[in-house]
Amino acid sequence: MNSLNVKKGDNVIVLAGQDKGKKGTVISASPKTQTVRVEGVNVVTKHVKPRGPQNPGGIMKEPGNIHVSNVQVICPDCGKPTRVAHAIVDGKKARVCKHCGASLDKQAKAAVKKDKKVAKKAKKEAETAPEAAEAEVSAKKPARKAKKAE
């Protein structure tokens, strides 16, 4: 199975074809056929047959497939169309911009933020843990003595 450097949700610019120069968001990516669908690019007309009262037929316009080699990812940080490089960010392989080195993966950015939050939370728990442990121990001891007295 081949993998793509372009993923669903990426902002891309079209490099070749009738829609050259247009920018849009990737709606879907198909690694098997090496194609992507970009919002507002390569719009094709489809004749749809009616399939009941909820699904009336008609002429629908929807984006068609474009070969992945005809699009280039736009870096969210520097705003330039860029080739995708791969680097290890926080122990995970991530897509990065060739120009500025910023991460292109939303999941990687979210994971970094999540890791920071988890580390911060663990630090707070470590600071309050000895106090909480002492409070729990002192709360448990009188309860046991009260049971023995009865």
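The values are calculated or read from the model by the stated rules, or taken from the named source; none is laboratory data. Remember, it's a predicted structure, so these values are computed and weren't measured experimentally. FYI the Cβ positions are ideal-geometry reconstructions off the backbone, even for glycines, and counts take in every protein chain you see.
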The residue that is farthest from the chain's Cα centre (by Cα), considering only those in segment 16-49 that are of a type outside the set (Ser, Thr, Tyr) and loosely packed, with under 10 Cβ neighbours inside 10 Å, is 49
At least 2 residues that are under 18 Å from residue 22 (Cβ atoms) and in the same structural domain as residue 21 (by TED's automatic domain parsing) in each: list the strands (runs of 3 or more DSSP E) lying fully within segment 62-104 that qualify. 65-67, 71-74
Quick check on segment 12-23. Is at least one of its residues farther than 26 Å from residue 102 by Cβ and either acidic (Asp, Glu) or out of contact with any strand residue (DSSP E or B) (no Cβ under 8 Å at 6 or more places or on another chain) (or both)? yes
Evaluation of residue 78 against (1) hydrophobic (A, V, I, L, M, F, W, C); (2) farther than 24 Å from residue 101 by Cβ; (3) under 19 Å from the mean Cα position of the chain (by Cα) (one fails), failing number: (2)
Just to verify a result, which residue in segment 93-105, among those that are under 17 Å from the mean Cα position of the chain (by Cα) and surrounded by 13 or more Cβ atoms within 10 Å (Cβ to Cβ), is farthest from residue 15 (Cα to Cα)? 94
